[in-house]
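**Q** Quick one: the structure is below, questions incoming.
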Amino acid sequence: MNRHLTKIFGKEVKYIEISMTDSLAIDHHIFKVITGDTLSGYSIVTRALGCKIGGCDKPNKDTISFEQFFFLTAFDKQKNIKKVRVLEYTSDHGYQIANKGWLKQFEKAQIFTVGKNIDGISGATISVKSITKGVNEQIDILESLF
């Protein structure tokens, strides 16, 4: 996370974690991003679901049987998305979502829908839907907190 935030906000960046309710903290960690003494923006690291262990089936409520991946979204202080980056992706399927060109789609709007303003990726359907849902949740969390 530090490497990505340094690239986005500069070398003098610091971040402070903001405590959240347990139900949100299971999947999201939110940080205020500070440069010098000034608020530069926010960052949220989210846990998302990829393929099911042993094969790709549709996600269900049994999150234990799905591989997880983590991604970071950096927001400016006006809560606009600056960058989305996949931090850790270990699954054999769907890794194409870590492509920086594909992730740039999230820098252009505020509400995201696969097939409308987010392109699907053949072989990465679950991961695409999961990261899209996660970014939409991040936007909602940020709006509700600040």
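Only the coordinates and a few stated rules stand behind these numbers; no lab work does. A quick note: this is a predicted structure, and the numbers were derived from the prediction, not measured. Counting neighbours? That spans all protein chains shown, and the Cβs are built from the backbone with ideal geometry, glycine included.
**Q** With r defined as the distance between the Cβ atoms of Thr35 and Asp140 and R0 fixed at 25 Å, what FRET efficiency is calculated, to the nearest 0.05?
**A** Values: r = 25 Å, r/R0 = 1.02.
Between Thr35 and Asp140 the formula returns 0.45.
**Q** Could you give me the ³J(HN,Hα) list for the range 90-107, computed from phi with Karplus coefficients 6.51, -1.76, 1.60 and θ = phi - 60°, whole Hz, x at Gly and Pro?
**A** 9, 5, 7, 10, x, 4, 4, 5, 7, 5, 4, x, 5, 5, 4, 4, 6, 8
**Q** Treating only the Cβ of Lys, Arg, Asp and Glu as charged (+1, +1, -1, -1), what charge dipole size does the range 2-145 show about its Cα centre? Round to the nearest 20 debye.
**A** Numbers: 20 positive and 16 negative charges, 100 e Å.
Charge dipole, the range 2-145, about its Cα centre: 480 debye, nearest 20.
**Q** For percent of Cα pairs over 22 Å apart, the choices are (i) 52; (ii) 38; (iii) 43; which was calculated from the structure?
**A** Here percent of Cα pairs over 22 Å apart agrees with entry (ii).
**Q** Between Asn80 and Lys11, what FRET efficiency comes out of the Förster formula 1/(1 + (r/R0)^6) with R0 = 22 Å and r the beta carbon distance, rounded to 0.05?
**A** 0.50
**Q** Go ahead and run the numbers for FRET between His93 and Asn117, Cβ-Cβ distance against an R0 of 25 Å, rounding to 0.05.
**A** Calculated value: 0.60.
**Q** Under 5 Å between amide hydrogens, which residues at least 5 positions from Lys82 or on another chain qualify, with H placed 1.01 Å from N in the peptide plane?
**A** Distant-sequence amide H within range of Lys82: Ala74, Phe75, Asp76.
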